[in-house]
Amino acid sequence: MLRLYDKEGKMLLAERMFDYPTLPRIYWKSDKLGYQTFGGGGEISLPPSALDRWRTRLP
């Protein structure tokens, strides 16, 4: 699981769950946080989108 919090560490801004037990390779760019796993990869834009913030409130 990858969780991205605000700079105070209080508000969860985005999260991703991974299907594979290996750790993802995480990289940071000026406008996004990327991750690469055995099964694929993706990115979280910085700042996270409204959809990313909304998804963190789902059970």
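The values are calculated or read from the model by the stated rules, or taken from the named source; none is laboratory data. Predicted model only: the values in this text are computed from it and were never measured. Methodologically, a virtual Cβ is constructed for each residue, glycine included, from the backbone with ideal geometry; neighbour enumeration extends over all protein chains shown.
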So how many residues does the stretch 17-46 have that are under 21 Å from residue 6 (Cβ atoms) and either modelled with pLDDT under 90 or among the charged types (D, E, K, R) (or both)?
5
Residue that is surrounded by the most Cβ atoms within 10 Å (Cβ to Cβ) [pool: residues in the stretch 36-59 that are of a type in the set (D, E, K, R) and in contact (Cβ under 8 Å) with a residue 12 or more places away in the chain]:
52
